[in-house]
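Peer 1: Handing you a structure now.
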Amino acid sequence: RFSSLFNFNANSIICVFLCFSSGQCGDKPACPSGWTDYKDRCFFYVPKVTSWPAAQKNCQSLGGNLASVRDKDEYEVVQNVILSASKDSKKAWIGGTDAQQEGTWIWIDGTPFIYTNWYPRQPDNKDGNQNCIQMNFKGNSPNFGNSKSNLY
C-alpha cells in the first residue's frame with residue numbers, strides 16, 4: 001500500500017531503492033547483469049543509506065531513475081526484487097514525489113501516476129514535509145511511505 005510515513009531521523013531504518021532503465025526504440029537490449037527484467041524495464045536493488053535526491057542521482061549514474069510502479073503486477077515484481085535481493089522486507093526509495101506541487105504526485109521518470117495503493121489515510125503530509133515515496137512492508141501488507149535518509 002501507499003502511505004506517507006515520514007521520519008527525518010530514519011538512519012536506523014533499513015531501506016533500499018530500486019532503479020530501472022528503459023530500453024531504446026527497436027530491439028531492447030538485455031538487462032545488465034544483476035538487474036531484474038520485467039516487460040520493458042530493468043529493476044535493480046542498491047543496499048546503501050542515502051537521501052531520496054542522492055538515490056535518484058545514483059540511479060541516473062546507472063542509466064535509470066528511481067523506480068515507478070505502473071500497475072499491481074509491477075508492484076509485486078518490485079516487492080520480489082527487494083525480497084530476493086535482501087532476503088527480508090526492506091524499505092525502498094521509489095520515484096514518486098510531490099515536491100513540485102504539494103498533493104500532486106508524479107513519477108520522476110515521467111510515467112503517468114495512475115496506479116495507487118495508498119495505505120489508509122495516506123498521504124497525509126505529516127509536519128508539512130513529506131515529498132517523496134518509499135515502498136515498505138507492514139507485516140504481509142506492503143505500503144508506500146516517505147522518509148529522508150534510508151538505504152537504497
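The values are calculated or read from the model by the stated rules, or taken from the named source; none is laboratory data. Remember, it's a predicted structure, so these values are computed and weren't measured experimentally. So basically every Cβ, Gly included, is an ideal-geometry build from the backbone, and we count neighbours across all protein chains shown.
Peer 1: Taking the condition of being assigned to a loop (DSSP other than H, G, I, E, B) and of a type in the set (A, V, I, L, M), how many residues in region 97-112 meet it? Even if it seems obvious, please write down each step before you answer.
Peer 2: Kept after step one, since they are assigned to a loop (DSSP other than H, G, I, E, B), are these residues of region 97-112: 98-105, 108-112.
Keeping just the survivors that are of a type in the set (A, V, I, L, M) gives 99, 108.
Matching residues across region 97-112 total 2.
Peer 1: Has region 8-18 got at least one residue that is among the hydrophobic types (A, V, I, L, M, F, W, C), at pLDDT 85 or above and not in a helix (DSSP H, G or I)?
Peer 2: For region 8-18, residues among the hydrophobic types (A, V, I, L, M, F, W, C), at pLDDT 85 or above and not in a helix (DSSP H, G or I): absent.
Peer 1: Also: Looking only at region 71-92, which residues are more than 12 Å from the chain's Cα centre (by Cα) and not in a helix (DSSP H, G or I)?
Peer 2: Of everything in region 71-92, those that are more than 12 Å from the chain's Cα centre (by Cα) and not in a helix (DSSP H, G or I) turn out to be Asp71, Lys87, Asp88, Ser89.
Peer 1: Give the residue that is farthest from Val49 (Cα to Cα), with candidates limited to residues of region 78-113 that are among the acidic types (Asp, Glu) and at pLDDT 85 or above.
Peer 2: Keep residues of region 78-113 that are among the acidic types (Asp, Glu), which gives 88, 98, 102, 109.
Right, trim to at pLDDT 85 or above and you get 98, 102, 109.
Details: Asp98: 22, Glu102: 26, Asp109: 22 Å.
Only one residue fits best here, namely Glu102.
Peer 1: Filter region 82-100 for residues that are in contact (Cβ under 8 Å) with a residue 60 or more places away in the chain, farther than 15 Å from Gln134 by Cα and not hydroxyl-bearing (Ser, Thr, Tyr); which is surrounded by the most Cβ atoms within 10 Å (Cβ to Cβ)?
Peer 2: Ala85
Peer 1: Taking region 19-50 as the search range and keeping residues that are basic (Lys, Arg) and on the phi < 0 side of the Ramachandran plot, which one is modelled with the highest pLDDT?
Peer 2: Arg41
Peer 1: For region 83-131, what are the residues that are more than 19 Å from Leu66 (Cα to Cα) and hydroxyl-bearing (Ser, Thr, Tyr)?
Peer 2: Result: Tyr119, single match.
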